[in-house]
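Trainee: I'd like to ask some things about the structure below.
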Amino acid sequence: MTNNVNTSKRNFLRGRSTVKAKRLRLPWVISEQTFLDDCTKCGDCISRCEENIITTDSDGFPTIDFNLGECTFCEDCIEVCQQTFFKENRNEKAWSTTFNIKENCLAQNKVYCQSCKDVCDSRAINFKFLNGSIPVPTVEPDLCNSCGACIQTCPSDSTELLLL
């Protein structure tokens, strides 16, 4: 007799999530699954990262934490990696992301702040004055290179990069 238990239903009924949250992996990784299948968790990329933004997730895999700083796209983590799960074309964005500003943004709550704009080298974040009030942020998605510089500097933790 075979056991045909649907563990996803069981986990759902027990309140356990079976869907893992998407994480930012190293830049230009082909896919999450390829990364998880081939990464040896050696830690070479972590020790090589000059910005110290590569950490490990709960399963021991490398992940990017923009709360620690920005990615300069130096490619040192790729050079040291012995695996071949990186895209060849490095002219495209390192991550497929969208930039989001949450409701707790100081500028959106009438407090003058432009810290995200000040660190945005790609000039993707701009502030527009509306009727003489505190300027509010607007984002040009095509200009955002997903470096994460705006995340660490935000005093209200209201900037985020969402994986697509």
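The values are calculated or read from the model by the stated rules, or taken from the named source; none is laboratory data. Worth saying up front: this structure is predicted, and the values here are computed from it rather than measured. Ideal geometry is used to build each Cβ from the backbone, glycine not excepted, and the neighbour counts take in all protein chains shown. These accessible areas exclude ligands, DNA and RNA; they are computed on the full protein's heavy atoms, side chains included. Shrake-Rupley method; radii C 1.70, N 1.55, O 1.52, S 1.80 Å.
Trainee: Run through all the Cα pairs of the stretch 35-96 and give the fraction in each 5 Å bin from 0, expressed as whole percent.
Mentor: Answer for the stretch 35-96: a P(r) of 3, 18, 28, 27, 20, 3, 0 percent.
Trainee: After finding the eigenvalues of the alpha carbon gyration tensor for the chain, what semi-axes result from the square roots of 5 times each, listed largest first in whole Å? Intermediate results must be reported in sequence, preceding the final value.
Mentor: Numbers: eigenvalues 226, 107, 36 Å².
Gyration-tensor ellipsoid for the chain: 34, 23, 13 Å.
Trainee: List the relative contact order of the stretch 67-164 as a percent without decimals, with contacts defined as Cα pairs under 8 Å and 6+ residues apart. Can you show the working numbers first?
Mentor: Details: 137 pairs, mean separation 38.1, N = 98.
Result for the stretch 67-164 is 39 percent.
Trainee: Moving to a separate point now. Could you work out which residue, out of P135, P27, P62, moves most in a Gaussian network model of the chain, that is, has the largest mean-square fluctuation with Cα springs under 10 Å?
Mentor: Maximum fluctuation in the GNM of the chain, among the listed residues, is at P135.
Trainee: With label points built 7 Å along Cα→Cβ from the Cα atoms of C74 and K93, find their separation and express it in nm.
Mentor: 2.4
Trainee: With the full set of protein chains in place, find how many percent of the accessible area of the chain is carbon and sulfur; take the probe as 1.4 Å. Intermediate results must be reported in sequence, preceding the final value.
Mentor: Working: 4950 of 10500 Å².
Here carbon and sulfur together make up 47 percent of the probe-accessible area.
Trainee: Further question: For the stretch 125-142, what does the Karplus curve 6.51 cos²θ - 1.76 cosθ + 1.60, with θ = phi - 60°, yield as ³J(HN,Hα) per residue in whole Hz, taken in order and with x for Gly and Pro?
Mentor: The phi angles translate into 10, 10, 10, 10, 7, 10, 6, x, 8, 4, x, 10, x, 10, 10, 9, x, 5 Hz.
Trainee: Determine the per residue accessible area of the stretch 61-164 with all protein chains present and a 1.4 angstrom probe, expressed in square angstrom.
Mentor: Details: 5990 Å² over 104 residues.
That works out to 58 Å² per residue.
Trainee: Over 28 Å between Cα atoms, which of K41/K87; K41/K102; K22/K128; K93/K117 qualify? Please report the intermediate quantities before stating the final value.
Mentor: On the way: K41/K87 19 Å; K41/K102 33 Å; K22/K128 32 Å; K93/K117 20 Å.
Listed pairs above 28 Å: K41/K102; K22/K128.
Trainee: So for the chain, averaging the separation of alpha carbon pairs under 8 Å that are six or more residues apart and normalising by length, what relative contact order in percent results? List each step's numbers first, then the result.
Mentor: Working: 242 pairs, mean separation 37.3, N = 164.
About 23 percent, as a whole number.
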